[in-house]
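Everything on this sheet refers to the single structure shown next.
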Amino acid sequence: MESLGYADAVRFLKQFDSGSGDYTRDRHNWLASFTLEDILTDIQQRQVGMPDWGANSSGAEGDRH
């Protein structure tokens, strides 16, 4: 603690805080409420506003390289 100082020692220790609750159980309960159709619909809705990176082969605006 002397080399880090109080504030940095606390910051270091907080990295290892395990939190509270049961993440695995909560995640399983949350995911159980979704159907495959829900997931596919969500993906399709998100893709509507996305740019078509392959449509512009000239290397101009929109090229990700």
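FYI, it's all coordinate maths here, none of it is from the lab. These numbers were taken from a predicted model, which means no experiment stands behind them. FYI the Cβ positions are ideal-geometry reconstructions off the backbone, even for glycines, and counts take in every protein chain you see.
Remarks
- Contour excess over end-to-end distance, with Cα ends at LYS14 and GLN44 and 0.36 nm allotted per residue: 6.9 nm
- Full-stretch length increase - ALA7, ASP22 - with 0.36 nm per residue and alpha-carbon distance subtracted: 2.5 nm
- Neighbour-count ranking [beta-carbon atoms within 10 angstrom, fewest first] of VAL10, VAL48: VAL48, VAL10
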